[in-house]
Amino acid sequence: MSTYWFEHDPVRLLIENKAMHERYPQFTLRKLDDGRLAWLGTLTSNTGNRYRIALIYPNNFPNSPPEVYPIDPVIEVVDVGGQRYKHQYRDGHLCLYYPADRTFGANSTAATVVTVAAAWFFSYEYWLRSGKREWPGVEAD
Amino acid sequence: MASQRPVTTLEELKRQMEKGQEIQVDQEGKVHIPDDEEVQKQIAEGKKVSKVKPQRWF
């Protein structure tokens, strides 16, 4: 039995590929050394800032969601004390899923996740403009 | 916990991503490198992914 989700679930891979090509054609699909699949591409915010991100599918996708990493520029979201991450996990991937809001459903694709990541960058820029004091939306922690 | 800041990890990831092999998905959902003969054949034949049924999510 194959190890990778995209080998035993090619239909799901087709859905993912189609959704990304239609909504985010600037992204390319890549295979990492460890065998995971990832989309690499750049989002441009409404202020013109560009964020290069990597969306990585976990090996147990779709039982676990894809993770989005801001790789250029590398972004750290820390509180005023400079220690604690907000809206970002310790390995740097963005906190996009607030369990209570049930945003994502059974058919959510990487394209939906990228869209939520774009909203994350909107909030990030708002947070910067507020002097790192206010993040719009719900606090999950 | 400053030693656990993600910068190193993210920069490592950036390098991994940039050197990662770009791939394409054929009409059967199999992954190929872009210059794979099967992909080129499908492109030449104008084949595209048609309707696919949504499947489960978590």
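The values are calculated or read from the model by the stated rules, or taken from the named source; none is laboratory data. Since the model is a prediction, treat every value here as computed from it, not as a measurement. So basically every Cβ, Gly included, is an ideal-geometry build from the backbone, and we count neighbours across all protein chains shown.
Checking each residue in region A:43-73 for being more than 9 Å from chain B (Cβ to nearest Cβ) and closer than 18 Å to A:Thr112 by Cβ picks out A:Leu43, A:Tyr51, A:Ile53, A:Leu55, A:Tyr57, A:Pro58, A:Pro66, A:Glu67, A:Val68.
Annotation note: Cβ proximity below 8 Å between a residue of region A:1-27 that is facing chain B (nearest Cβ under 7 Å) and in a helix (DSSP H, G or I) and a residue that is β-branched (Val, Ile, Thr) and buried (at least 19 other Cβ atoms within 10 Å of the Cβ) (sequence gap 6+ or interchain) occurs for A:Phe6/B:Val31; A:Leu13/B:Val25; A:Leu13/B:Val31; A:Leu14/B:Val25; A:Ile15/A:Thr109; A:Asn17/B:Val25. Listed conditions (1) at the interface with another protein chain (Cβ under 9 Å from one of its Cβ atoms); (2) in contact with a helix residue (DSSP H, G or I) (Cβ under 6 Å, 6 or more places away or on another chain); (3) assigned to a helix (DSSP H, G or I) are all met by A:Leu40, apart from (3). Determine if region A:43-50 includes at least one residue that is modelled with pLDDT of 95 or more and within 14 Å of the chain's Cα centre (by Cα). Yes.
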